[in-house]
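Here, each number is a calculation from the coordinates, and none is a lab measurement. Just so you know, these numbers come straight off a predicted model, no measurement behind them. All Cβ positions, even for glycine, are placed from backbone atoms using ideal geometry, and neighbour counts span all protein chains on display.
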Amino acid sequence: MPAEHFSHVRTWVFDLDHTLYPPEMQLFAQIEIRMINWVMTELGVDRAEADRLRAKYWREHGTTLAGLMRVHGVAPDQYLIDVHDIDFSVLAPDPELREAISELPGRKIIYTNGTAPYAENVIQARGLSGIFDAIYGVEHADFHPKPDRAAFEQVFKTDGLNPSESAMFEDDPRNLAIPHAMGMRTVHVAPAPLVHDHIHHHTDDLRGFLTQLIR
């Protein structure tokens, strides 16, 4: 049973996008459109090239923003405001997920490559406000993104968590490699399982998985 593998966990770390809400709610699709539009305007390229760069920088640098900062010297603040100006009404509250997270023993935190204000909007729309002890965004890692080790180290140092007593829930398998190396229990939250040495568990149903841990 999964529960026996989490008996040591004192801090539960959750990614945000496609982890605390399912991909089919199509929230991040709105962000991708705004990213493409932003790159078109900022770099003076057409839509196809902007989309190519968006995907390329995500693959090579962890996030599109990281690539824009490193390759083009883009300042992050206005970009983050613009791309997160979206419609959150596509998200539905999940009271059962709220209950499952609330009943986990220890601290619960969010760590996202988005911003903390964006995360607040997401969890409000999901009915999850008030159950997390802290929310960390890319701004808390000096705009270094997951999967950079420096990003994890800075956020975890700020929080004071002990990785060997923590678990990480993530939809992007790249972002579980460093947590695994730091001693965390890792859970891949995604429709299809992947076999990687740095993934301990997989689930396509976060609410159901957490329910097993608190029974």
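What does the charge count near Pro23 come to, summing +1 for each Lys or Arg and -1 for each Asp or Glu among other residues with Cβ under 11 Å from its Cβ? Intermediate results must be reported in sequence, preceding the final value.
Values: positive: none; negative: Asp17, Glu24, Asp171, Asp204.
Once positives and negatives cancel, what remains is -4.
With both labels modelled 7 Å from their Cα along Cα-to-Cβ, the Thr158 to His8 distance reads 2.7 nm. Approximating the spin labels as points 7 Å out from Cα along Cα→Cβ, the Gln26-to-Ser89 distance works out to 1.5 nm.
Rounded to the nearest 500, what is the 222 nm mean residue ellipticity of the chain from helices alone, with -39500 (n - 2.57) per DSSP H run of 4+ residues and division by all residues? Spell out each step's value before the answer.
Numbers: 9 runs with 92 residues, N = 215.
Per the formula, -12500 deg cm²/dmol.
Would you work out if the range 27-83 is rounded, prolate or oblate? Take a ≥ b ≥ c from the square roots of the eigenvalues of the alpha-carbon gyration tensor; rounded if a/c is under 1.5, else prolate when a/b is larger than b/c, oblate otherwise. Rounded, because the longest to shortest axis ratio a/c is under 1.5. Put the Cα centre of the range 94-140 next to the Cα centre of the range 41-84 and the gap is 26 Å.
So for the chain: antiparallel DSSP bridges make up what percent, rounded to the nearest 5? It would help to have the intermediate numbers written out before the result.
On the way: 0 of 18 bridges.
Approximately 0 percent, going by the DSSP bridge assignments.
When the P(r) is computed for the range 109-215, the part past 16 Å accounts for 61% of the Cα-Cα pairs.
Dimensions of the range 1-108 from C-alpha coordinates, computed as largest minus smallest value along each principal axis and given longest first, are 52, 29, 24 Å.
Taking other residues whose beta carbon is less than 11 angstrom from the beta carbon of His188, and scoring Lys, Arg as +1 and Asp, Glu as -1, yields -4. Calculated from the alpha-carbon coordinates, the range 66-106 shows an Rg and a Dmax of 17.4, 45 Å respectively. At a Förster radius of 45 Å, what calculated FRET efficiency corresponds to the Cβ-Cβ distance of Val45 and Glu165, to the nearest 0.05? Efficiency computed from Cβ-Cβ geometry: 0.45. For Ile135, the residues whose modelled amide H falls within less than 5 Å of its own, excluding neighbours fewer than 5 places apart on the same chain, are Ile110. The residues packed around Leu104, meaning those with a beta-carbon under 14 Å from its beta-carbon, carry a net charge of +2 if Lys and Arg are +1 and Asp and Glu are -1.
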